[in-house]
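The values are calculated or read from the model by the stated rules, or taken from the named source; none is laboratory data. What you are looking at is a predicted structure, and each value in this text was computed from that prediction instead of being measured. Here the Cβ positions follow ideal geometry from the backbone for every residue, glycine too, while neighbour counts run over all protein chains shown.
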Amino acid sequence: MKEIKILLKERDIPRKWYNLAADLPGKIEPPLGPDGNPISPEMLAKVFPMNLIEQEVSCKRWVDIPEDIIKILLRWRPAPLRRAVYLEEYLKTPARIYYKDESLSPAGSHKPNTAVVQAWYNKKFGIKKLTTETGAGQWGSALAFACNIIGLECKVYMVRISFDQKPLRKLMMQVWGAKCIASPSDETNAGRAILERMPDTPGSLGIAISEAVEEAVSDKSGKTRYSLGSVLNHVLLHQTIIGLEAKKQLKIAKEKKPDIIIGCVGGGSNFAGLAFPFVYDKIHGERIKIIPVEPTACPTLTRGPFAYDYGDTAGMTPLLPMFTLGHNFIPQPIHAGGLRYHGMAPLASHAIMDGLLEPRAYDQVKCYNSAFIWSKTEGTIPAPETSHAIACVIDEALKAKKEGRRKVILFSYSGHGLMDLMGYEKFLSGKLSEYHLPESDLKSSLEAIKKFPKTKRQRERGNR
Ligand SMILES: Cc1ncc(COP(=O)(O)O)c(C=O)c1O
């Protein structure tokens, strides 16, 4: 009988996180301040606590996980590595499909892996309140959960379209004691300015980030900080526990290595968490195809340039070197709310520039079709974000069948879709259609970054 659940003992939970910044072959370009010069850690001090800033700028390969954090992570980790045998049988593929099941955390996704860590470091630094943004509501609920168990106040700016589409996520945040409001809101200068220009906007992650950062830095007591659920180096670092566990589990399953690794990407954290420990192996000669998957409605990696851009809409963050669609980009309200972000993690962006990753884009109709195949074979209902990874897994498994090759596919099952059934309802009633970002929209959105400083690679190679 094939083993379908590969479990680690609690004592086998990884004790260190892996930092890809130590190993990327190309030099990492620094974030820039308003004067166009690299920012110093002190310049971030009003936004993040210094202990997390130290992780953000660190190039140390391994970072110890404090014992107190291990204790908290053990509430739901190690996460199972599962084999999708029923999907394999349905597809009649010789491929072996494994996935890290991140849907079993208290909030239902990978997001608590960093939420509890960030809350813990903030508390240790003497912070009393965290502000944040949320797209699909997964991150907001993860941070609400983390602040509740660690003892911090929590305020979440939720992108308007998700606030309307996913009222249950808002309730989860309230159960855990957080305050959740729709963004853009009239509680911040950034929100009020957007509402004046675009009163009916569905909102975007970029706008919600501006609001949450503004609230944190304008607290005169100095006891509020901002927390981000993706994109930044320290967030990706915390998520590497996923890939580090998977490595141990593949060994138990007697697999030498994965041939293909797949994850959906919004800001890049679940993908990076699974993939980066294997990117290390690839840098050191292993043959692994590593695919980040994004929506065709928000094609940052497949159609955007690698350039300096703000992480938010109002320009409150430093300029980050990353793939971007332009900070003013407002994606179509597709149901994968967590993938509607204009930028991408700088570390993942650099890995692409170094030729280590092969990004791909899928439209939402193909993704929902894949989610249905998954639910009818494996049984669970994936988050719409996760369905992007599943669509790619199915493509790769069918390719392996065509080629008659016994590939090992590993992917990140980043979350369940039990709070996202409205999207499924729209799909079932035929109200969702394919959407590919028109070239003219992309061009006009990129106008906003034309005059920004150029990355070294843009200067050397010319833009893509
Ligand atoms: C279930 C799920 N998967 C993936 C993502 C995308 O985020 P990231 O790219 O940071 O993993 C989100 C974001 O909200 C999410 O909720």
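Of everything in region 109-130 that is touching a strand residue (DSSP E or B) at 6+ places or on another chain (Cβ under 7 Å) and surrounded by fewer than 24 Cβ atoms within 10 Å (Cβ to Cβ), the residue that is nearest to Ser183 (Cα to Cα) is Lys129. The numbered conditions (1) at pLDDT below 95; (2) among the acidic types (Asp, Glu); (3) within 21 Å of Ser412 (Cβ to Cβ) are all true for Glu378 except (1). A residue that is among the aliphatic types (A, V, I, L, M), within 16 Å of the ligand (Cβ to nearest atom), modelled with pLDDT of 95 or more and buried (at least 24 other Cβ atoms within 10 Å of the Cβ) cannot be found anywhere in region 196-206. Within region 225-239, restricting attention to residues that are in a helix (DSSP H, G or I) and in contact with a strand residue (DSSP E or B) (Cβ under 7 Å, 6 or more places away or on another chain), which residue is nearest to Ala351 (Cα to Cα)? Per the stated criteria, the residue is Leu237. Residues that are assigned to a loop (DSSP other than H, G, I, E, B) and either polar (S, T, N, Q) or in contact with a helix residue (DSSP H, G or I) (Cβ under 9 Å, 6 or more places away or on another chain) (or both) within region 201-224 comprise Thr201, Pro202, Gly203, Ser204, Ser218, Ser221, listed in sequence order. Scanning region 137-164 for residues that are of a type outside the set (D, E, K, R) and in contact with a Pro (Cβ under 8 Å, 6 or more places away or on another chain) returns Ala142, Phe145, Ala146, Val159, Ile161.
Among the candidates Tyr121, Tyr157, the residue that is in a helix (DSSP H, G or I), away from the ligand (no atom under 12 Å from the Cβ), of a type in the set (Ser, Thr, Tyr) and closer than 22 Å to Glu214 by Cα is uniquely Tyr121.
Within region 240-256, which residues are within 16 Å of the ligand (Cβ to nearest atom), out of contact with any Ser or Thr (no Cβ under 7 Å at 6 or more places or on another chain) and not polar (S, T, N, Q)? Listed by number, the residues that qualify are Ile241, Gly243, Ala246.
Which one of these does Asp312 not meet: (1) charged (D, E, K, R); (2) part of a helix (DSSP H, G or I); (3) surrounded by 23 or more Cβ atoms within 10 Å (Cβ to Cβ)? Only one criterion is unmet by Asp312, namely (2).
Among the β-branched types (Val, Ile, Thr), within 17 Å of Leu143 (Cα to Cα) and either away from the ligand (no atom under 16 Å from the Cβ) or touching a residue at least 24 places away in the same chain (Cβ under 8 Å) (or both): is that true of Val217 in this structure? Spelling it out, it is not the case that Val217 is among the β-branched types (Val, Ile, Thr), within 17 Å of Leu143 (Cα to Cα) and either away from the ligand (no atom under 16 Å from the Cβ) or touching a residue at least 24 places away in the same chain (Cβ under 8 Å) (or both). Given the condition away from the ligand (no atom under 14 Å from the Cβ) and without any contact (Cβ under 8 Å) to a residue 12 or more places away in the chain, answer yes or no: does some residue in region 384-393 qualify? No: zero hits. Tell me, which residue of region 257-277 that is surrounded by fewer than 24 Cβ atoms within 10 Å (Cβ to Cβ) and closer than 17 Å to Arg360 by Cβ is nearest to the ligand (Cβ to nearest atom)? Checking each candidate, the answer is Ile260. Checked against (1) more than 25 Å from Pro321 (Cβ to Cβ); (2) in a loop (DSSP other than H, G, I, E, B), Ile70 passes all but condition (2).
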